Amino acid sequence: MSIIITGATGELGSLVVKELQEKNLDSKIIAVARDIEKAKKQFADTEIEVRFGDYDEPYSLEGAFGGASKLLFISSPEIDDMKRVIQHANIVKAARDAGVEHILYTSYAFAEESKLPLALLHLNTEYAIRVSNIPYTFIRNSLYSEVFINAGINPSIEKGELVTNTGTGGLNTVNREDLAKGTAEVLANEGHENKTYNFVSSKTWNFDELAETISNVTGNQVSHKAVSLEKQMEHFRETGFPEGAALFTASVYQAIAEGETAKTSNDLKQLIGEETSLETIVKKALEK
Ligand code: NAP
């Protein structure tokens, strides 16, 4: 059996590969990469085969996917969603033409209910996969915890204030490590064909709780200042945040305030057991 992974040199893909290696499966693991040298270096001294495949070069993909019992298709990081639609269609068509037996796709949690434009891209890709008739598993990932909890919060900690327009909105985020563990479980076991999983946390957190956790971890008193969307934009401008990134972040925060990430699920917990705590995620982020 061969497990082929796209985006294997990326942050999530690397963790999935690591989890699979730790399982010592009989399956062959094949990493598909656009930068062959980078991938060969990363997987040197392992049994992992590296194959060239570029989402923008459709003909490279069919060969790269040959012989796949399972293909883990990790979504592209392309920012222009129109280009991403084309890249994803290239991947799905190549998977069909290569005779992939089972495709697993990293989609977006509760995509039909989402107000974020990125959900449309993921739904579009899910439909393309259904059109291909390849047995599928849709692994609908949460927003990563690392998107919100990273070393970038250090200046806010120093000021003792996290300013957001998330209100008391709950976040069902998961860190990449837990997502990779769950994905590796699905890849390593049978019985997941034509299923859709929402890999979100079983309990949400909010920015008030994040501030409290940071205070406990660092010993610095930090509070959450909940502001309006307009005030958030003013705050971003004052701190010199680029306008485009500020607008994107404030829109995501607003969606969170309005319930975008409030829904929980046990799909991931059932596969991995214990989920990483908010405290551990904060500690790891501040170590970096
Ligand atoms: P990442 O570290 O940026 O990894 C992206 C992977 O895609 C890398 O291996 C990259 O290869 C590969 N790639 C990019 N363009 C390619 C192309 N044209 N052809 C072939 N491979 C290509 O992202 P991540 O953190 O692992 O996340 C995985 C995916 O989740 C992202 O790509 C994005 O779609 C999505 N995402 C989700 C969240 C969330 O909060 N849920 C946040 C950010 C992104 P190189 O090593 O050569 O660059």
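The values are calculated or read from the model by the stated rules, or taken from the named source; none is laboratory data. This one's a predicted model, so the numbers in the text were calculated from it and none came from an experiment. Ideal geometry is used to build each Cβ from the backbone, glycine not excepted, and the neighbour counts take in all protein chains shown.
Annotations for the structure displayed:
- Residue within the range 140-147 that is within 16 Å of the ligand (Cβ to nearest atom), of a type in the set (A, V, I, L, M, F, W, C) and touching a helix residue (DSSP H, G or I) at 6+ places or on another chain (Cβ under 6 Å) present: no
- Residue check, residue 262 modelled with pLDDT of 95 or more and part of a helix (DSSP H, G or I): no
- Flag if residue 217 is over 25 Å from residue 102 (Cα atoms), more than 16 Å from the ligand (Cβ to nearest atom) and either assigned to a loop (DSSP other than H, G, I, E, B) or not hydroxyl-bearing (Ser, Thr, Tyr) (or both): yes
- For the range 95-106, a residue qualifies if it is within 14 Å of the ligand (Cβ to nearest atom) and touching a residue at least 40 places away in the same chain (Cβ under 8 Å), and the qualifying residues are 104, 106.
- Set 181, 195: member being among the basic types (Lys, Arg), away from the ligand (no atom under 12 Å from the Cβ) and buried (at least 18 other Cβ atoms within 10 Å of the Cβ): 181
- Selection from the range 107-119 of residues that are of a type outside the set (A, V, I, L, M, F, W, C), assigned to a loop (DSSP other than H, G, I, E, B) and within 15 Å of the ligand (Cβ to nearest atom): 114, 117
- Residues of the range 107-133 that turn out to be touching an Asp or Glu at 6+ places or on another chain (Cβ under 8 Å) and either crowded, with 20+ Cβ neighbours inside 10 Å or touching a residue at least 60 places away in the same chain (Cβ under 8 Å) (or both), as a count: 6
- Considering residues of the range 233-274 that are surrounded by 18 or more Cβ atoms within 10 Å (Cβ to Cβ) and among the acidic types (Asp, Glu) only, the residue farthest from residue 151 (Cα to Cα): 267
- Residues located in the range 209-243, provided they are farther than 19 Å from residue 168 by Cα and touching a Leu at 6+ places or on another chain (Cβ under 8 Å): 217, 218
- Breaking point among (1) under 21 Å from residue 140 (Cβ atoms); (2) touching a strand residue (DSSP E or B) at 6+ places or on another chain (Cβ under 8 Å); (3) not aliphatic (A, V, I, L, M), for residue 224: (1)
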